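The values are calculated or read from the model by the stated rules, or taken from the named source; none is laboratory data. This one's a predicted model, so the numbers in the text were calculated from it and none came from an experiment. Ideal geometry is used to build each Cβ from the backbone, glycine not excepted, and the neighbour counts take in all protein chains shown. To get the accessible areas, we keep the full protein, side chains included, count just its heavy atoms, and leave off ligands, DNA and RNA. Shrake-Rupley method; radii C 1.70, N 1.55, O 1.52, S 1.80 Å.
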Amino acid sequence: MGQVTSAIAAMLHQRIYLDTNVFIYFLEPHPVFFPVAAAFMNAIQAKTLQGCTGELAVAETLVGPYRANDNKLVADVKRFFGAKDFLSVLPHDAPIFDTAAQLRARQHLKFIDALHVATAMRSA
């Protein structure tokens, strides 16, 4: 955890984009990665970091709870992403999709990864 604490300290008050895995590890506590995800969530809650993500991450995070027909977890995930003054959830508009297409074409990323990168670039 010392490396995570050092990384968070080095990014003090910066805006960071979080991909889906971080939310899944936090909301469906992963035995290995939960402490790392929790450290980032705590830093965002404390305003040590400014957290953001895209609507895509919200949808991806909901897949597991919907697949498991876990209505409580679906509600918890929606409440988590809808919390005021916590994370910024960014929309994916036409310019972001265009940037994602360019990234896909030039960097050979999977489109879903390119969409995350394009959204993160916009958030900067």
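Under 7 Å between Cβ atoms, which residue pairs at least 6 apart in sequence (or on different chains) link something in the stretch 54-72 that is of a type in the set (V, I, T) with a partner that is surrounded by 11 or more Cβ atoms within 10 Å (Cβ to Cβ) and part of a helix (DSSP H, G or I)?
V58/F81; T61/T20; T61/F23; T61/I24; T61/L27; T61/V77
Under the condition of being over 12 Å from the mean Cα position of the chain (by Cα) and among the β-branched types (V, I, T), which residue from the stretch 78-124 is most open to solvent (accessible area, probe 1.4 Å)?
Going through the qualifying residues, I end up with I112.
Mind listing whichever residues of the stretch 49-60 are among the polar types (S, T, N, Q) and open to solvent by 40 Å² or more (accessible area, probe 1.4 Å)? Write out each step before concluding.
Filtering the stretch 49-60 down to residues among the polar types (S, T, N, Q) leaves 50, 53.
Hit for the stretch 49-60 is Q50, nothing else.
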